[in-house]
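*Asks:* Sharing a structure below in structure tokens format, with a few things to ask.
The values are calculated or read from the model by the stated rules, or taken from the named source; none is laboratory data. None of the values given here were measured: they were computed from a predicted structure. Positions of Cβ are generated from backbone atoms using ideal geometry, with glycine treated the same way; all protein chains shown enter the neighbour counts.
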């Protein structure tokens with residue numbers, strides 16, 4: 001899907017609601033556990049995927 005189509009869909013959606021209650025962007029990471037008996041060693045490597053979460057409210061009429 002091209003970026004302009006996504007922008008239009010998101011703009012139309014946001015314009016259709018009464019309130020944005022929460023918004024967050026989360027980058028996904030892969031966790032590689034290289035811990036040993038000597039200590040914890042967790043490496044986080046970005047996957048390149050990003051999730052956008054929008055919580056909205058629209059009053060029922």
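*Asks:* Does any residue in region 33-61 that is under 17 Å from residue 15 (Cα atoms) come within less than 7 Å, Cβ to Cβ, of a residue that is at pLDDT below 90 and surrounded by 10 or more Cβ atoms within 10 Å (Cβ to Cβ) six or more places away or on a different chain, and which pairs are these?
*Replies:* Taking only residues 6 or more apart or on different chains, not a single pair turns up.
*Asks:* For residues that are touching a strand residue (DSSP E or B) at 6+ places or on another chain (Cβ under 7 Å) and assigned to a strand (DSSP E or B), tally how many sit in region 1-58.
*Replies:* So the count comes out to 30.
*Asks:* If a residue has to be surrounded by fewer than 10 Cβ atoms within 10 Å (Cβ to Cβ) and either in contact (Cβ under 8 Å) with a residue 24 or more places away in the chain or under 11 Å from residue 58 (Cα atoms) (or both) to count, how many in region 6-17 make the cut?
*Replies:* Here the count works out to 2.
*Asks:* Now for a different question. Considering only residues that are exposed (fewer than 10 other Cβ atoms within 10 Å of the Cβ) and closer than 22 Å to residue 56 by Cα, which ones fall in region 22-45?
*Replies:* Answer for region 22-45, where residues must be exposed (fewer than 10 other Cβ atoms within 10 Å of the Cβ) and closer than 22 Å to residue 56 by Cα: 22, 24, 25.
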